[in-house]
Amino acid sequence: MCMNDELSALRDRLRALRAARPQQEQARDAQAVAARILALPAYQSARTVMAYAAARGEIALDAVMADALLRGKALALPLCTGPGRMQARRVTDLSRLRPGRYGIPEPEPDCPELAPVTIDLILVPGVAFDPRGGRVGQGGGYYDRFLPLSRALRVGVCPEFALLDRVPVRAHDQRMDAVVTPSATLMMYEE
């Protein structure tokens, strides 16, 4: 099986598992992941945090985003600007997100763009991760193009079943510095 077929099969399998999860389970996972992220020294010291609006069964980061705003941190969310391209846009009111490309809630276009180099911590969604920081995304390459523009700490976020022993990683795939699941925080760096 070639790597593209392997990636496609892996994405299909894990997307089906995500779609089948009950709301209560998703809410418990979101609460547990939020507690782990909020406890990270890197989160506590970050002045600018980039998160994501959950879609299609991703772990929701609503509590983390609300905490960031409450603490006066600059909060950025991705705004898709074209195929495989996104920008970090500052958000000060989560109720102003609107459905964007692929139906994912995004900042409004008039939200100020934040330079990637100004971001301290990026919370990254993914279909699957591994303990060495490998990540399988949705397949559009948005994060793989954006992450190299920033020096931010990269933290992958996923449910337990999406943390695999090994994920197929290609040369352009960006690695994480840490991965957070509801029951574990795996660091690929020293704090």
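Any read-out appearing in this document is the output of simple, stated calculations on the displayed coordinates, not a laboratory observation. Because the structure is a prediction, the values reported are computed rather than measured. In this analysis, Cβ positions are derived from the backbone assuming ideal geometry, glycine residues included, and neighbour counts consider all displayed protein chains.
Observations
- Contour excess over end-to-end distance, with Cα ends at ALA19 and ALA35 and 0.36 nm allotted per residue: 3.4 nm
- Rounded, prolate or oblate (a/c below 1.5 giving rounded, otherwise prolate when a/b exceeds b/c) for the range 1-113 by Cα gyration tensor: oblate
- Mean sequence separation of contacting Cα pairs (under 8 Å, at least six apart), scaled by the length of the range 3-187, corresponds to a relative contact order of 22 percent.
- In terms of its C-alpha gyration tensor, the range 1-61 comes out oblate, because a/c is 1.5 or above while a/b does not outweigh b/c.
- Residues in the range 152-173 that a label on SER45 would reach, taking backbone N under 19 Å of a point 7 Å out along Cα→Cβ: 152-156
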